[in-house]
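Heads up: the structure comes next, in structure tokens.
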Amino acid sequence: MRLRTLIVLRWMAVTGQVVALIVAIDHFGLQIPVTPAALAVALAVLANIVFVLGFSETRRLSEPEAMLTLLFDISQLAFLLYLTGGINNPFALLMLAPVTISATALRLRTTVFLGAMAILLITLIAVRHEPLHDAQGGILALPGIFRFGFWLAIVIGVVF
């Protein structure tokens with residue numbers, strides 16, 4: 001897997017995360033812990049800057065390097081989801097992206113590991129997360145059956 005591919009994909013993810021946070025806060029008035037969320041996004045930016053400055057973008061990553069890079073992306077997204085309502089956040093579906101990338105470019109064993117980590121983290125944030133508050137302070141949460149269904153759909157997507 002080329003480093004450039006992962007750098008471009010991470011820039012796309014960072015852009016989406018920044019836009020989603022700005023829209024959630026400014027347009028919808030959601031009460032999101034801005035400092036930890038901004039730090040999570042900044043960490044992804046820093047990782048990309050290190051890759052851009054430290055390595056040739058045409059460099060091919062070894063299997064362990066690609067796995068660690070995708071594991072970072074899964075973990076960073078899980079942390080953002082933890083801060084923003086967990087499985088109640090519709091962007092939880094994006095946990096599928098790093099596993100899908102792995103499935104297209106890496107070995108089965110690596111993909112199984114990343115898939116297991118994604119399932120573990122999505123399960124943890126389904127159970128434990130910071131509640132998402134609207135502008136009036138009310139908690140935004142799906143009914144339990146929908147949370148379970150959303151969690152199950154993500155798990156099935158990862159396995160598939």
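The values are calculated or read from the model by the stated rules, or taken from the named source; none is laboratory data. The model shown is predicted, which means the values in this text are computed figures rather than measured ones. No Cβ is skipped: glycine too gets one built from the backbone with ideal geometry, and neighbour counts run over all protein chains shown. Calculation scope for accessible area: heavy atoms of the full protein, side chains included, ligands and nucleic acids excluded. Shrake-Rupley method; radii C 1.70, N 1.55, O 1.52, S 1.80 Å.
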Inset, instruction - Using +1 at the Cβ of each Lys and Arg and -1 at the Cβ of each Asp and Glu in region 1-89, identify which of Ser75, Ser62, Ala40 lies farthest towards the dipole's positive end. - result: Ser62
Legend entry - Overall form of region 25-106 per C-alpha gyration tensor (a/c, 1.5; a/b vs b/c): oblate
Legend entry - Candidates Leu83, Leu39, Leu71, ranked by Gaussian network fluctuation over the chain, Cα under 10 Å, top entry: Leu39
Legend entry - Nearest-20 debye value, the chain charge dipole, Cβ charges on Lys, Arg, Asp, Glu: 480
Legend entry - Solvent-accessible area per residue, Å², over region 29-143 with all protein chains present [probe radius 1.4 Å]: 52
Legend entry - Portion, in percent, of the accessible area of the chain that falls on carbon or sulfur, probe 1.4 Å: 74
Legend entry - Charge dipole (debye, nearest 20) of region 65-160; +1 at Cβ of Lys and Arg, -1 at Cβ of Asp and Glu: 260
Inset, instruction - Would you calculate, for the chain, the mean residue ellipticity at 222 nm contributed by helices, counting each DSSP H stretch of 4 or more residues as -39,500 (n - 2.57) and dividing by all residues, to the nearest 500? - result: -23000 deg cm²/dmol
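Give me the Kirkwood hydrodynamic radius of region 59-152 in Å, from all C-alpha pairs, to one decimal place?
14.0
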